[in-house]
1. At 1.4 Å probe size, with the rest of the protein present, what percent of the exposed accessible area of the range B:215-300 is carbon and sulfur atoms?
2. Can you pull the accessible area of B:M260 for me, 1.4 Å probe, Å² to the nearest 10?
3. For chain B, compute the number of Lys pairs whose alpha carbons are separated by less than 27 Å, excluding pairs fewer than 8 positions apart on the same chain.
4. Quick check: Cα centre of the range A:83-137 to Cα centre of the range B:206-247, how many Å?
5. Going by a 1.4 Å probe on protein heavy atoms, which residues of the range B:67-84 end up with at least 40 Å² less accessible surface in the whole assembly than in their chain alone?
6. Pick out, from A:L129, A:L98, A:A70, the residue whose Cα sits farthest towards the positive end of the charge dipole of the range A:42-169, with +1 on the Cβ of Lys and Arg and -1 on the Cβ of Asp and Glu.
7. Hey, what did chain B get for relative contact order, percent, Cα under 8 Å, at least 6 apart?
8. Quick one: ranking B:I105, B:I129 by accessible area, 1.4 Å probe, largest first, what do you get?
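The values are calculated or read from the model by the stated rules, or taken from the named source; none is laboratory data. What you see is a predicted model, and the numbers here were worked out from it, not measured in a lab. When we count neighbours, we look across all protein chains shown, and the Cβ atoms used for this are built from the backbone with ideal geometry, even at glycine. Just so you know, the surface numbers come from the protein's heavy atoms only, side chains and all, with ligands and any DNA or RNA stripped out. Shrake-Rupley method; radii C 1.70, N 1.55, O 1.52, S 1.80 Å.
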Amino acid sequence: MFRSLSLWIGLSLSSILVVPAVAQPAPLPLPPARSATAPTIAQDDRLIRAFGGQEGLRAMTADFMRRVLADQRIAIFFVGFDHAKIEGHLYNQFCQILNGGCVYTGRDMNIHAHMGITEADFYALVEDLQAAMTAHKVPNWAQNKLLAVLAPQARDVIAVPSKPLEPQN
Amino acid sequence: MKRVRAIAAYTLAAFLLAMVQPSPSVAQDLVQDMPQAFSGRLKLTGGVNQIEGAAGGGFTPWALIGGYGTKDQVGGAMFATQVTLDDFTVQSFGGLIGWRNRLEISAAQQSFDTREVGAALGLGRGFKITQNTMGLKIRLVGDAVLDQDRLLPQIAVGAQFKSNDRGGLVRALGAQDSQGTDYYVSATKLFLAHSTLVNLTVRSTQANQYGILGFGGLGKGRSLESEGSIAYLPRQDLAFGFEWRTKPDNLAIAKEEAAMDLFVAYAPTKNWSVTAGYADLGHIVTRSQTGLYVSVNTSF
């Protein structure tokens, strides 16, 4: 038993050393630009209607933005940026994904790559979005359709390499 | 045996210490300067603890790393489970630590109360068999939650080192050993657009009834067994689903069959979940055993 135990500890240690090294792409050059936004996923207006149409989506996005700016975990990333402009980009991006008749004109998601955003920061934003959608009575199935399209953006948004864990003074 | 117990005890102690967090005012001062230290992942995305302690469903390990730690964090979970069957009661408790969403180390103890059957077999009423399990799991590739544009699941390999305290009894039943190691590969995928999680696990094992009845039998070596789970998430705090787990049938005098269960998991907060279900564990010693599965999990 203990021979196999030590074999496994050895294997696990080597995987820790090896896997992250091969799994993470080099920080430079930047990954090739994907399409500036996620694809439109709805063929009809069922999804946008689940969000209460353009009007409902606009109200939800405004609530989402308020929650993000009040969220101590991530509010710092928005300091010095034009909040109304960001909210407009978010609305257009969501609206385009939901086939709501909008076009996203903002930049590629990989502009975030050097902001030091961690995976936990990304998920904090998702939690705020889930809370806003739930508060605006968006059904769970429709929430998950939108989140499924947004989730892969984590690869463009999360900093490479990861932000160090030490306090930054 | 003693060593395994000591390791389990130290692991649990480390956990309790890790859960002691600074007071809110200190935490608020720190939060401006420090990235989040704990619980970065989304609710229920660490699964619960399966019967042997690994992150998974009720009986099946998943490729997910337990707790809520991201690739920059350490997470953990503790659990207690009871399965009340027709003739027996199975209990399990323990905990795990997830390191950087890469490595999971778990320790758990399973006990098997023979209740009245113990008296009938001359072992004594309420005779208990106890097993300690240490688990290791390594995520190899994929992210079950984030990779929504890829078919590649999250894939992990794991091992469970088990040690049973009734060597004499299990040998008398025909088992070859009171210790054994299971190896497994798990693939887990969240199909978020369909609010559905799917897991498949292949396990190489010699364990009889999870190891409760020892390991191996006459002329039988390792066998490859399949396990699976499918869960539907109608809300962010709710999952219900189905699992199966095939098992070896090594002992001539105690037939063994596949286990399956239907479960509902509810997480009223991100840090607590309760799972309840109907379990059909197949034939165990006397006859086919069904009953109620209840488990409480805390994750950070």
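1. Details: 2670 of 3860 Å².
Whole-percent figure for carbon plus sulfur exposure: 69.
2. The value for B:M260 is about 80 Å².
3. 27
4. 40
5. For the range B:67-84, once contacts with the other chains are taken into account, B:K71, B:D72 lose 40 Å² or more.
6. Ranked along the dipole, the leading option is A:L98.
7. About 15 percent, as a whole number.
8. B:I105, B:I129
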